[in-house]
């Protein structure tokens, strides 16, 4: 691949990431508002501040290149944000909602890790040393955010599973109570189906 073609790809990918980060600055406050866990909410708010810094770093890279950061729509991030919005619009509550939000957020993180890893590599090949340093900082932060989300998920997912079991047990008790009021017929049928 000719270096000029790689540079063109590099700039195009940077524009894609720039748009992705700007989309994320609009989505993260909504995710924070939907979160029921204080830890998750704080994580989203912290990631919003990190994302604003990522945007500033990208603007610094574009300035050094003498290029404008705009002109590209990141369809990948658009789709990931739409999936996150779907989670918020479902009937999930409590820890189950938080587990869904973490899943959506980790998909975003993995997308960003892949994107920043690629452009950092391009910058390295092109000899853009300052950009390599800035992109590496962002890449490291994205990996840290992913790790924090994994740590939160380990607790929240277990709580969501416990919440589901508790709800399921209550449902069985209600069925047994209904069976007693119908002279035991419903309860015996329920017992046979187990």
Any chance residue 67 is more than 24 Å from residue 147 (Cβ to Cβ), touching a helix residue (DSSP H, G or I) at 6+ places or on another chain (Cβ under 8 Å) and outside any helix (DSSP H, G or I):
yes
Filter the range 105-121 for residues that are in contact (Cβ under 8 Å) with a residue 24 or more places away in the chain and surrounded by fewer than 20 Cβ atoms within 10 Å (Cβ to Cβ); the one that is nearest to residue 6 (Cα to Cα) is 118
Could you list all residues from the range 27-57 that are surrounded by fewer than 13 Cβ atoms within 10 Å (Cβ to Cβ), under 17 Å from residue 84 (Cα atoms) and more than 13 Å from the chain's Cα centre (by Cα)?
33
Pick from 52, 73: which is modelled with pLDDT of 95 or more and in a helix (DSSP H, G or I)?
52
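The values are calculated or read from the model by the stated rules, or taken from the named source; none is laboratory data. Just so you know, these numbers come straight off a predicted model, no measurement behind them. Reconstructed Cβ throughout: ideal geometry from the backbone, glycine too, with neighbour counts over all protein chains shown.
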